[in-house]
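Participant: Before I ask anything, let me first share the structure, which is written out below as structure tokens.
Derivation of every value follows stated rules applied to the coordinates shown; laboratory data play no part. Just so it is clear, the model here is predicted, and its values are computed rather than measured. Every residue, glycine among them, receives a Cβ derived from its backbone with ideal geometry; neighbour counts consider all protein chains shown.
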Amino acid sequence: MSSIRIITEQALFETAPDFYGLFFEDINRAGDGGLYPEMLRNRAFEDSILPERCKPLDGTYGFVTPEGWRDQFNNGEGLKRWMDGVDETPIPAWYARNARMDLDFNDTLNKNRLASLNIEFEPGGYVTNIGFRGLSLIQGQYYEFYMFARGSVSLTVSLESKDHHVYASKSLNIAGTDYQRFDLTLCPDHTDPDARFTLKSSSGGSLNLGFTSLMPRDTYKGHGMRKDLMEMLQNTGSRFLRFPGGCIVEGFTRETAVRFPHMIGPVWERPSHNLMWHYRTTNGLGYHEYLQICEDLGLEPMYVINCGITCQGRKPELFEGDELEQWIQEAFDAIDYATAPADSRWGRLRAQAGHPEPFKLTYLEIGNENDKDVYFSRYEKFYHAIHKRYPQIKLISNTHTENRGLPTQIVDEHLYSTADTFVTASNKYRNYDRKGPRIFIGEYAVTSGLDIGNLKSALAETMYLMEAEKNQDIVRLTAYAPLFQNVDYTAWYPNLIAFNNHTCFGIPFYHALSMLARNHGKSLLRTEADFRSGYPEPEGLNGLIAYQSGILVKNVQVNGKAAGFSHGIIGDVHSHEDGALELTSDYIDELEGYPNMGHIPMHTAFVTFGDKEEHSSTYELEVLLQSPEQDIDIAVWVHSTPMLFSRDETNPFYTSWNPVYTDRYVWSIKQGIGRFASVNRFNYSYFGTECQLPIRYGEYNRFQVITRHGGFDCYLNGQLVQTAQMVPYPMVAELASEDDTFIYVKIVNIGKTEEAVNICLDCPIDAVYEAELLTGHPKDTNSLDKPDKICPVSRTFSNGAGSFTYLAPAYSFSVLKLRKAGSSCI
Ligand code: AHR
């Protein structure tokens, strides 16, 4: 039986108050049409305008930046899939019938608007907006519409069904040569999640629309954000909110980087810009709204600034001299906007926007995922300038700047990896220098491997966080990433909360995170635990990687049966008459620019055999090597993980079975020396010992790998030549904390069997206790159809005592709330 001893007499340290936080980035259409519930898509008519200085590629499909970064565009729709089943239109989301509509680039509402929509109505003509995959209307609710328009036309403004059944309508008369604002409220008499917005003229006429908006009246605390999504955030029990990114802070050009002045003031005066995630934002969810969200949810604001570099993974532009100074000034202005008194320059603007009292601004991060000298020099400048003027603000650097001798308060570390890595990497913080900077795990998620966004990955992430909690003296802040996803727009996967235009759900980890954060406790308790260990479970194809073209292979067998070529992950095979397959290489330069790809030699070929992902196998093949210079990797458990993010969804290279999304274990044979490794992309983590192999050069050699529990046995020409044992990892982990009333015991069991855990305490507790339990099938996740498939349940037990047994179900996370009896252990 496993055991946990909880020593309440020795509280280790106080828990970090802001340990659990959130990270909002406008990714997956999380902003407009998401948390910011604008219902009209392309409300400013600028979506189809290419980002400044970028040139079109293949018609409207993509563009290339001046530095050469290529991205997809699809006439401003972003991901092509977003338009599945929707008629094409030159002006995204807008359609005209018996009316002509064009973008007018000269007659715009104000200097920040790039276009207006000129419409010539024939009698009975109309234009329709389809919103973000339809407008979601609720019968009897109020929807506030406004627009800026000039021209001469009588209009009927209506909310209607797809086939023009009118749910609500009002009339407007436009007459004037200058833009005027028109406001009205609509209250539909039907509920319809796939409704349309229409402007119709029965008599005909023309107008220019400068800007439009339609929003539900009922928003969170009346401050304009979508209620159900805000409630989802509230339920997490989080303590801070990182904003606005992420890569979007950096941009792929200087014009596409996030800028503070573009995120304040009247929304129709805010410039829009293209985001990394292939669509344009109107910046309606701007800086002011962000600060208001933090206030409404009781979250500490953590604002991320660009420090003079665009995204380093996307062919960056660097800002120098006066331009760089301007970005420092913008950081000052943003801080002043949040915190200066209402009678100051920036405080006045904040007051005009409805918030005379200063907001909080607790943390400020200098850059996102920047590195190298170009970052260090800029970081130093920003750090000193900001710290001198605003010493109260806690500054975060996005890499280990202390190693460069730079002043460093908090370091933001990001971890995107496999579930196994989350489980095994969880103890890394034990070795961190306690005199060094505090750690912020600013973005983390299981994003590769076969388990993504499901219960199994949630348990791995939970285990990782529980270990981070044990190191709260140094790890002070954490935030899962990303936060939101419109289910029809997957620019990145997985995401904590998914939504469509009227409903939402959390992935399994959303629930685990809420359980962790809401039961954090005030002090961490010392525990002594005894649990069994386990190993990764094999799943995947078998394969061969050759680092030179022309290697010959034959007689490939998996579990004793012949296995044919299945995927050319890099390169292909050419069949010879004698049945041998020759590996050919076609090195793909798209791999360039992928960070953390590892080194891939020029003539690499990487192929798989068999088409079924085997659970445990004997894999054998004959390979002809001419000399020790011919390096190969005999690969097992090769698996292609779902696409993490959509750089170019129409290029099959990015869809599956490519080196960017392929993990594996390999018997790596280099210069005749064999060694085992687990490989993510082309990054090798070796384990086991090295061995000089008795390869017979100039003839076929039979290589055989037998997968057994926790390791591999490797045979060459029938002789066992090497074994490799994987590093065991814990199948169960524990964490204990307390506040004045409760002792919180958390137990995660990632194994496939129930675990009986003896819990032993040194203080009295009530016999009756509540446990929150998250469990289910490890591969299960939640969806729009089944939003609660994996969600916590509460159980009451009555066996609480100084020593008692808790049965932790297979694949589960449990939080036990043990009420302290009396005051003896407070
Ligand atoms: O969270 C998604 C992206 O991952 C962020 O934009 C970026 O910081 C990281 O690479």
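Participant: At 0.36 nm per residue, and after removing the present C-alpha to C-alpha distance, how many nm does the segment from E577 to L807 gain when stretched out fully? It would help to have the intermediate numbers written out before the result.
Facilitator: Details: separation 230, 0.36 × 230 = 82.80 nm, distance 6.05 nm.
The span from E577 to L807 would gain 76.7 nm if fully extended.
Participant: Another question, if that's okay. Counting only helical runs of four or more DSSP H residues, what would the 222 nm mean residue ellipticity of the chain come to if each run contributes -39,500 (n - 2.57) and the total is spread over all its residues? Mind dumping the intermediate values first?
Facilitator: On the way: 9 runs with 102 residues, N = 826.
Using -39500 (n - 2.57) per qualifying helix, the result is -4000 deg cm²/dmol.
Participant: Only loop residues by DSSP count here, and only those with at most 11 other Cβ atoms within 10 Å; note down the chymotrypsin sites (Phe, Trp or Tyr not before Pro) in the range 669-700 that meet that.
Facilitator: Numbers: sites: F676, F682, Y684, Y686, F687, Y697, Y700; in loops: F682, Y697.
Loop-located and lightly packed - none at all.
Participant: Assuming R0 = 35 Å, can you tell me the calculated FRET efficiency for the pair D343 and F105, based on Cβ-Cβ distance, to the nearest 0.05? Display every interim value, and only then the final one.
Facilitator: Details: r = 40 Å, r/R0 = 1.13.
FRET efficiency, D343 to F105: 0.30.
Participant: Identify all lysines with a Cα-Cα distance to K670 below 18 Å; exclude those on the same chain that are fewer than 8 residues away in sequence.
Facilitator: The qualifying lysines are none; the list is empty.
Participant: Where the centroid of each part is defined by its Cα atoms, how far is the range 213-233 from the range 441-492 in Å?
Facilitator: If you average the Cα positions of each part, the centres end up 26 Å apart.
Participant: Then there is this: Can you check what the net charge comes to around C763, using other residues whose Cβ is under 9 Å from the Cβ of C763 (Lys, Arg +1; Asp, Glu -1)? Could you put the intermediate results ahead of the total?
Facilitator: Details: positive: K820; negative: E9, D762.
With Lys, Arg at +1 and Asp, Glu at -1, the neighbours total -1.
Participant: Would you mind ranking I706, I91 so that the residue whose beta carbon has the fewest other beta carbons within 10 Å leads the list?
Facilitator: Details: I706 17, I91 21.
Lowest count first: I706, I91.
Participant: If each residue of separation counts as 0.36 nm, what is the full-extension length gain between C760 and Y432 once their alpha-carbon separation is subtracted? If you can, show how the numbers build up before the last one.
Facilitator: On the way: separation 328, 0.36 × 328 = 118.08 nm, distance 2.98 nm.
Additional length available on full extension: 115.1 nm.
Participant: For K80, list the aspartates and glutamates whose Cα falls under 13 Å from its own Cα; do not include residues on the same chain fewer than 8 positions away.
Facilitator: Result set, ordered by chain and number: D71, E88, D488, D648, E649.
Participant: Given 0.36 nm per residue, what is the gain on full extension from D178 to T219 after removing their alpha carbon distance, in nm? Don't jump to the answer; show the numbers that get you there.
Facilitator: On the way: separation 41, 0.36 × 41 = 14.76 nm, distance 3.19 nm.
Between D178 and T219, full extension yields an extra 11.6 nm.
Participant: Using the membrane-span-like helix rule (whole DSSP H runs, Cα extent along the own axis of at least 24 Å, mean Kyte-Doolittle hydropathy at least 0.0), which helices of the chain qualify? Present the calculation step by step, with values, prior to reporting the outcome.
Facilitator: Working: long enough: 321-339 (27 Å, -0.54); 372-389 (26 Å, -1.26).
Taking the DSSP H segments of the chain (at least 24 Å long, mean hydropathy at least 0.0), we get none.
Participant: What pairs in K381/K470; K394/K522; K394/K435 have C-alpha atoms more than 26 Å from each other? Don't jump to the answer; show the numbers that get you there.
Facilitator: On the way: K381/K470 34 Å; K394/K522 22 Å; K394/K435 17 Å.
In this structure, K381/K470 lie more than 26 Å apart at Cα.
Participant: Further question: Mind listing the Cα extents of the range 55-216 along all three principal axes, in Å, largest one first?
Facilitator: Cα spread of the range 55-216 along its principal axes, largest to smallest: 50, 37, 27 Å.
Participant: Sort D433, D218, D420 so the one with the fewest other Cβ atoms within 10 Å of its own Cβ comes first. Please report the intermediate quantities before stating the final value.
Facilitator: Details: D433 8, D218 13, D420 22.
So the ranking, lowest neighbour count to highest, is D433, D218, D420.
Participant: Continuing with this model, one more query. How large is the charge dipole for the range 55-216, taken about the Cα centre, if only the Cβ atoms of Lys, Arg (+1) and Asp, Glu (-1) carry charge, to the nearest 20 debye? Mind showing how you got there, number by number?
Facilitator: Numbers: 15 positive and 20 negative charges, 41 e Å.
Its charge dipole is roughly 200 debye.
Participant: Assuming R0 = 30 Å, what is the FRET efficiency of Q626 and V727, from their Cβ-Cβ distance, to the nearest 0.05?
Facilitator: On the way: r = 35 Å, r/R0 = 1.17.
FRET efficiency, Q626 to V727: 0.30.
Participant: Any idea what the relative contact order of the range 55-216 is, in percent, if you count C-alpha pairs under 8 Å spaced at least 6 apart? Mind dumping the intermediate values first?
Facilitator: Numbers: 385 pairs, mean separation 41.8, N = 162.
Computed value for the range 55-216: 26 percent relative contact order.
Participant: Another question, if that's okay. In Å, the Kirkwood hydrodynamic radius of the range 143-297 over pairs of distinct alpha carbons? Write down the numbers at each step before the final one.
Facilitator: Numbers: mean 1/r = 0.0553 Å⁻¹.
It works out to 18.1 Å.
Participant: Another one. Per residue, what volume in Å³ does the convex hull of the Cα atoms of the chain enclose? Before the final figure, lay out the partial values.
Facilitator: Details: hull volume 150.4 nm³, N = 826.
Taking only Cα atoms, the chain has a hull volume of 182 Å³ per residue.
Participant: Which lysines have a Cα less than 19 Å from the Cα of K561, not counting those fewer than 8 places away in the same chain?
Facilitator: Within the straight-line limit of under 19 Å, K561 reaches these lysines: K612.
Participant: Antiparallel as a % of all DSSP beta bridges within the range 1-157, to the nearest 5?
Facilitator: Values: 16 of 18 bridges.
Given both bridge residues lie in the range 1-157, the antiparallel proportion sits at roughly 90 percent.
Participant: Another question, then. Give me K470, K435, K817, K522 sorted ascending by neighbouring Cβ count inside 10 Å, so fewest comes first. Each step should come with its number before you reach the end.
Facilitator: On the way: K470 22, K435 7, K817 17, K522 13.
Ascending Cβ contact count within 10 Å gives the list K435, K522, K817, K470.
Participant: May I pose another question? Between E88 and C187, take the C-beta separation as r, use R0 = 30 Å, and let me know the FRET efficiency to the nearest 0.05. Could the numbers behind the result be given before it?
Facilitator: Details: r = 33 Å, r/R0 = 1.09.
My answer for the efficiency is 0.35.
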